[in-house]
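Structure first, then comments.
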Amino acid sequence: MQYEPWKREVLIAAVLFAVGFFFVPLAIYWVGSRFIGEYAPNAGALTLAERVWSDLLRLDPFVWILVLSPYAVIQLARLVRRTWRRRNVVTAVTDSNDRR
């Protein structure tokens with residue numbers, strides 16, 4: 001199935017938004033509970049996720065950055081890769097006077 005470039009990008013953005021929306025809050029809870037401790041008394045992973053989701057609806061910019069961070073990381077990796085490829089163009093250089 002061949003995608004047009006913009007359709008492919010929309011699909012990538014949608015999948016990574018879903019990852020940021022569902023999995024990033026759960027990952028934050030898991031890592032935080034392992035290294036820092038309990039999130040709040042009698043609160044679990046879904047409490048943190050609900051807080052993130054409600055702040056997202058309130059248009060909190062920090063939560064939007066958090067949710068969009070998987071897509072931002074991919075875009076940054078693409079930018080670095082594109083820059084690296086342009087900088088490291090290797091061309092064969094031969095010297096016709098070089099006789100060994």
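Please give the FRET efficiency for E50 paired with A77, using the beta carbon to beta carbon distance and R0 = 25 Å, rounded to the nearest 0.05. List each step's numbers first, then the result.
Details: r = 31 Å, r/R0 = 1.22.
According to the calculation, E is roughly 0.25.
Can you work out the FRET efficiency for the pair D60 and V15, with r the C-beta to C-beta distance and R0 = 22 Å, to the nearest 0.05? So the FRET efficiency works out to roughly 0.45.
When L66, L26, L11 are ordered from fewest to most other Cβ atoms inside 10 Å of their Cβ, what list results? List each step's numbers first, then the result.
Working: L66 18, L26 14, L11 11.
Going from sparsest to densest Cβ surroundings: L11, L26, L66.
If you average 1/r over every pair of different alpha-carbon atoms in segment 5-72 and take one over that average, what Kirkwood value in Å do you get? Here the Kirkwood hydrodynamic radius works out to 12.8 Å.
Computed from the coordinates by the stated procedures, all read-outs in this text should not be read as laboratory data. Only a predicted model underlies this, so the values are computations on that prediction, with no experimental measurement involved. Methodologically, a virtual Cβ is constructed for each residue, glycine included, from the backbone with ideal geometry; neighbour enumeration extends over all protein chains shown.
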